[in-house]
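Novice: Structure incoming, see below.
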């Protein structure tokens, strides 16, 4: 896997994860990581050390949900019940090794996979008793195609009344890919709701305005204002400007937060066949590069 564009510390950490994930041995010694980094991405040992620190932090946050063990002398792949979900998010990340090596262009299948993982994760967003539902179309949940009917369908699933605001029938999803909520036992309105936009695009800031909370408050009869979420498969350094820019306008749910939510009560994340196919293609590319 040569001619890869990998420069940031987060991206180098992702490259190490991908390399170990698809390797036949499932582990790389530190010397091998340094040698591969020099050969494949022209990264010096110092940047590799910083990337390994990023991985160690991910491991400390996610525990068993993180499919790697990071040590001073080696990085090891380990069994994790959420390994495929992590791989899905790793591969879907803009600029990832997978997207550079195997699938350059974005596809509907990739976007749908992120929505499925997000739906499973956001079901745990409000804790026990929480629910989440993909609102995209076409829908595996039976969502009507017409936006007006789709909002009525969503309101019924949530236990709400449709609002009185005009719902343009030609709208697709109103910027919302997944809805998460937590109904109370009394089944009355006035419960927490989150509206999530999921994106696999590299440019994320423009997506923060896709959800108009004012309009959604007119489309659904919610007594409490909903939260706006931006779901991305990658990671953003919390001390960096991108994180600060995004979090001033929206709550960011990145890969680490998605995995944290998934680990609280693992559920089905839909069809992960794309992950298996991508892993197989990456292994083929790795073998070809070694020849």
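Coordinate-derived values only; no laboratory data. Predicted, not measured: the structure shown is a model, and the values here were computed from it.
Novice: Using only Cα atoms, find the angle between the long axis of helix 45-62 and the longest principal axis of the chain, and express it within 0 to 90 degrees, rounded to the nearest 10.
Specialist: Around 40 degrees separate the two axes.
Novice: Mean separation of Cα pairs under 8 Å and 6+ residues apart, divided by the residue count of the chain: what relative contact order is that in percent? List each step's numbers first, then the result.
Specialist: Working: 475 pairs, mean separation 59.2, N = 291.
Computed value for the chain: 20 percent relative contact order.
Novice: Could you check what % of the DSSP bridge pairs in the chain are antiparallel, to the nearest 5? Please list the in-between numbers first.
Specialist: Values: 15 of 23 bridges.
So the antiparallel bridges in the chain amount to around 65 percent.
Novice: Relative to the longest principal axis of the C-alpha atoms of the chain, give the angle of the C-alpha long axis of helix 108-122, reported between 0 and 90° and rounded to the nearest 10°.
Specialist: 70
Novice: Taking just the alpha carbons, could you work out the radius of gyration and Dmax for the chain, both in angstroms?
Specialist: So, for the chain, Rg and Dmax equal 20.2, 65 Å respectively.
Novice: Calculate the length of the line joining the C-alpha centroid of segment 61-94 to that of segment 205-249, in whole Å.
Specialist: Cα centres, segment 61-94 to segment 205-249: 27 Å.
Novice: Helix 273-290 sits at what angle to the longest principal axis of the chain, using alpha carbons and giving 0 to 90 degrees rounded to 10?
Specialist: Relative to the chain, helix 273-290 is tipped by roughly 20 degrees.
Novice: I've got another one for you. Only Cα pairs within less than 10 Å get springs; with that Gaussian network setup on the chain, which residue of 85, 245, 201 has the largest fluctuation?
Specialist: 245
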